[in-house]
Amino acid sequence: LTGISAGKVLQVVSVNFNTSVTTTSGSYQDTGLSASITLSANNYVLVKAHGGAANNSAGYGSYYTIYRGSSNIAPHGNEMGSHYGEDNSNNIVTTVYMEVREQPGIGTHTYNVYHRVWGGGTSVFGKNTTGAITLMEIEA
């Protein structure tokens, strides 16, 4: 974490994801990968998530992001990860990694991984690999 003073890790919440979820929507859809953390002080939350990423149609792609509640928390724009495949057999799979640090305030906060298609086809999250989301409360 360049540019910030390092605080003590106060708690860690981690959820594994063994499901493959699809969407054909051009709008962000919840993948079902979710975790919640409760803060008793105005500390930081480091959110890390990953999973297999694909689009089942050649020449199309997928975008991925993390929401806190109903808010997309991508630090720049709306996407935190992407996948694009140009292959006639439609079998290109990558792993998307996302990470963001924020200070959401005291209370319980739920984080979810979302995905959507780019151009067409079917976006897949959790394809061929186990995914996970990890939340770390960092002392401010």
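Observations on the structure shown:
- Residue among N42, N56 that alone is over 11 Å from the mean Cα position of the chain (by Cα), over 15 Å from V15 (Cα atoms) and surrounded by 14 or more Cβ atoms within 10 Å (Cβ to Cβ): N56
- Subset of the stretch 29-39 [closer than 26 Å to I92 by Cα and buried (at least 19 other Cβ atoms within 10 Å of the Cβ)]: T31, L33
- Entry remark, the stretch 103-123: residues being over 13 Å from the mean Cα position of the chain (by Cα), surrounded by 16 or more Cβ atoms within 10 Å (Cβ to Cβ) and outside any loop (DSSP other than H, G, I, E, B) number 4 in total.
- Residue in the stretch 84-98 that is of a type in the set (D, E, K, R), surrounded by fewer than 21 Cβ atoms within 10 Å (Cβ to Cβ) and modelled with pLDDT under 95 present: yes
The values are calculated or read from the model by the stated rules, or taken from the named source; none is laboratory data. Treat the numbers as computed from the prediction; the structure is a model and nothing was measured. Every residue, glycine as well, gets a Cβ built from its backbone with ideal geometry; the counts of neighbours run over all protein chains shown.
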